[in-house]
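Below is one structure, written out as structure tokens; the observations come after it.
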Amino acid sequence: MDRTLESLRHIIAQALPHRDPALVFKDLNVVSMLQEFWESKQQQRATFSSEGLVVYESMPSSGPPFVSYVTLPGGSCFGNFQCCLSRAEARRDAAKVALINSLFNELPSRRITKEFIMESVQEAVASTRGTLDDADDPSTSVGAYHYMLESNMGKTMLEFQELMTIFQLLHWNGSLKALRETKCSRQEVISYYSQYSLDEKMRSHMALDWIMKERESPGILSQELRAALGQLEEARKAGQELRFYKEKKEILSLALTQIYCDPDPSSPSDDQLSLTALCGYH
């Protein structure tokens with residue numbers, strides 16, 4: 001623990017040289033500190049694909065408690081976990097959670113190394129009641145996880161989380177199951193989607209899939225949205241990284257909006273064409 005605190009002080013001294021490490025998390029100007037931290041990262045040519053902007057979003061509310069989210073470069077999202085009586089307080093609290101996670105992300109222990117991969121694979125094997133041989137078999141879930149970690153050697157956990165969020169959404173959306181049915185290998189799927197970021201085009205494709213699900217099972221969209229909102233609220237209050245839950249909410253809300261704007265969307269999605277192209281390997 002002492003070594004971790006010392007590492008954090010060293011990171012703060014490097015990224016925020018004008019700040020007192022002992023007072024960083026007590027400073028009410030934590031919003032500017034978070035921005036300063038990421039501007040410093042950008043100047044160091046950080047590997048995130050975004051433009052280095054920290055984006056805040058306040059949820060509409062006629063009164064307290066107020067909720068605020070902050071999205072970091074690369075897409076990681078955090079929110080205020082305390083009960084906040086003003087929008088400014090909610091924004092500061094969200095910034096504090098994001099700053100703590102940003103600083104911890106700089107620790108050596110938060111970078112994917114051979115040792116980290118070995119420990120993570122062993123934990124995955126134990127949780128699935130499999131064997132270590134599964135780690136070398138890309139057709140297994142443990143093998144696919146091992147392959148993803150190996151492919152992201154040297155990246156930080158926040159960087160790796162961006163890719164993991166895409167696959168969490170593809171699993172939730174049913175796209176991974178569809179790919180398995182077309183006999184695309186896990187390695188092909190990982191290699192294919194590793195080239196893409198989670199953007200408006202991908203969200204639109206997933207929203208169209210949920211519109212089709214709604215046609216087959218009326219009411220499923222509202223049911224999924226209620227569940228996503230509950231998951232997002234629970235994760236926010238626990239101080240967790242929120243992007244997966246927030247993206248689910250955005251995709252489902254987009255699908256509902258499209259249903260009301262265009263109640264009969266019948267044209268095939270580009271996503272279907274993409275899946276066809278991907279499976280053309282076979």
The range 231-264 - residue that is touching a Leu at 6+ places or on another chain (Cβ under 8 Å) and more than 23 Å from residue 68 (Cβ to Cβ) and, of those, least open to solvent (accessible area, probe 1.4 Å): 255
Qualifying residue in the range 209-230 (condition: β-branched (Val, Ile, Thr), modelled with pLDDT under 95 and buried (at least 16 other Cβ atoms within 10 Å of the Cβ)): yes
Some residue of the range 179-187 being exposed (fewer than 14 other Cβ atoms within 10 Å of the Cβ), free of Cβ contacts under 8 Å to residues at least 60 places away in the same chain and more than 30 Å from residue 111 (Cβ to Cβ): yes
Members of the range 169-198 that are under 10 Å from the mean Cα position of the chain (by Cα) and assigned to a helix (DSSP H, G or I): 169
Any pair with Cβ under 6 angstrom, 6 or more apart, that starts in the range 231-259 at a residue that is free of Cβ contacts under 8 Å to residues at least 24 places away in the same chain and ends at one that is open to solvent by less than 40 Å² (accessible area, probe 1.4 Å) and among the aliphatic types (A, V, I, L, M): 235/242; 245/232; 245/235
Pair list, Cβ under 6 Å, 6 or more apart: the range 49-64 residue under 18 Å from residue 76 (Cβ atoms), other residue at pLDDT 90 or above and basic (Lys, Arg): 56/91
For residue 108: the one exception among (1) open to solvent by 70 Å² or more (accessible area, probe 1.4 Å); (2) within 26 Å of residue 188 (Cβ to Cβ): (2)
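Conditions (1) modelled with pLDDT of 85 or more; (2) in a loop (DSSP other than H, G, I, E, B); (3) not hydroxyl-bearing (Ser, Thr, Tyr), marked per residue:
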{"site": "12", "(1), (2), (3)": "no, no, yes"}
{"site": "18", "(1), (2), (3)": "no, yes, yes"}
{"site": "31", "(1), (2), (3)": "yes, no, yes"}
{"site": "40", "(1), (2), (3)": "no, no, no"}
{"site": "47", "(1), (2), (3)": "no, yes, no"}
Output for the range 199-241, where each listed residue is assigned to a loop (DSSP other than H, G, I, E, B) and more than 30 Å from residue 83 (Cα to Cα): 199, 217, 218, 219
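For every residue, the table says whether it meets (1) free of Cβ contacts under 8 Å to residues at least 24 places away in the same chain; (2) touching a Cys at 6+ places or on another chain (Cβ under 6 Å); (3) loosely packed, with under 14 Cβ neighbours inside 10 Å.
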| site | (1), (2), (3) |
| --- | --- |
| 91 | no, no, no |
| 96 | no, no, no |
| 122 | yes, no, yes |
| 125 | yes, no, no |
| 130 | yes, no, no |
| 133 | yes, no, yes |
| 142 | yes, no, no |
| 162 | no, no, no |
Subset of the range 165-178 (residues that are surrounded by 17 or more Cβ atoms within 10 Å (Cβ to Cβ) and either aliphatic (A, V, I, L, M) or in contact with a Pro (Cβ under 8 Å, 6 or more places away or on another chain) (or both)): 166, 169, 170, 176
Pairs with Cβ under 6 Å, 6+ apart, first in the range 194-221 and of a type in the set (Lys, Arg), second in a helix (DSSP H, G or I) and modelled with pLDDT of 90 or more: 203/251; 213/220
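The values are calculated or read from the model by the stated rules, or taken from the named source; none is laboratory data. Bear in mind the structure is a predicted one, so any value in this text is a computation, not a measurement. Using ideal geometry, Cβ is built from the backbone for each residue, glycine included, and neighbour counts are taken over all protein chains shown. In case anyone asks, the SASA skips ligands and DNA or RNA and just uses the protein heavy atoms, side chains included. Shrake-Rupley method; radii C 1.70, N 1.55, O 1.52, S 1.80 Å.
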